[in-house]
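Derivation of every value follows stated rules applied to the coordinates shown; laboratory data play no part. None of these values were measured; they are calculated from a predicted model. Here the Cβ is made from the backbone with ideal geometry for all residues, glycine too, and neighbour counts use every protein chain on show.
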Amino acid sequence: MEDSDPPISFPNFAPSPSARLPDSERLIGVPIPVGSETVGNVPFDLDLYKVPGLPLFYIRDFVTREEEQYLMRKVESAPKGKWRTLNGRRLQVWGGELTRSNALLSQPLPPWLTDHPDLMSRIGRTDIFAKTKQRQPNHVIVNEYLPGQGIFAHKDGPAYYPAVATLSLGGHGMMQYHAPLSSVPAYSLFLEPRSLVITTGELYEEYSHSIEAVDEDDLGKADITNLSLLGDEWSRRVKRGETVPREKRISLTCRVVEKEAKGLLGMRGPR
């Protein structure tokens, strides 16, 4: 966050005195912040991050720079067999595979998603999954977007609880939401590095979303729906109408699959 940015009301996720990472998991001698039982019940006022008029929430700096570097390193060092290719892009699936009946063949999420940092419980404390028995994400898709790559307009499908939390790492992104039967974006959301966007309600269930496959974003042409929630630096760049080159962006799409399967038959790919 820039020094000139106003403070945001975010729970204190400082580590407990006994929380330590092994030397192999430190960044230049600085331990990655981790969760603590002492902050597990900190109230989180999600309304502070609501995009006006929409069932949409935008939280900048949801993770620290150190956590961002740590998470990106973990993504990039995943076993080669964990990567798969879909429509020319690379992705990873964590938490298990979906069956044709939209049930999850669940597997434990890796510690770098649950413990260091406590990303899943941190998302859980927003209460967007409070009506599920899981209460926090149990399924994560990691998407790699290189400059010039995007994803066509789509909806997430019936397997998931109707809410999704998407964390952006590395480069910025531009998410577009499309009304039913419309190819013209109804809303454009600018995604700062380290930000979390939460999509719920009608916007999740009725609208499709996409990322345009371009090498740069012309901020002067876009009507940025979440402009009032951006940090000072990006807010100024949007208002100046800058053209911003894309950089590699890693997104973590975090969702809940409520139905769990017991067998190993009928698996299908990620959505």
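Worth a mention:
- Chain lengthening between Lys74 and Asp45 when straightened (0.36 nm per residue, less Cα-Cα): 7.5 nm
- Length-normalised contact order for the stretch 55-261 - Cα pairs under 8 Å, 6+ apart - percent: 31 percent
- The length gained on full extension between Arg84 and Ala179, counted as 0.36 nm times the residue separation minus their Cα-Cα distance, comes to 31.2 nm.
- Peptides 219-228, 81-90, 247-256, 64-73 ordered by average Cβ neighbours within 10 Å, highest first: 247-256, 64-73, 219-228, 81-90
- For the stretch 169-219, the spread of Cα coordinates along the three principal axes comes to 30, 21, 15 Å, biggest extent given first.
- Highest average first, the peptides 183-191, 101-109 ordered by how many other beta carbon atoms sit within 10 Å of their residues are 183-191, 101-109.
- Spatially proximal aspartates and glutamates relative to Lys133 (Cα-Cα < 15 Å; intrachain offsets below 8 disregarded): Glu258, Glu260
- Net +/- balance of residues flanking Lys133 in space, Cβ distance below 12 Å, scoring K and R +1, D and E -1: +1
- Listed by chain and number, the lysines placed with their C-alpha closer than 23 angstrom to that of Lys221 are Lys239, Lys248; residues fewer than eight positions away on the same chain are left out.
- The aspartates and glutamates whose alpha-carbon is closer than 15 Å to the alpha-carbon of Lys80, local same-chain residues fewer than 8 away aside, are Glu144.
- The stretch 58-209: C-alpha gyration tensor shape, a/c 1.5 cut-off, then a/b vs b/c: rounded
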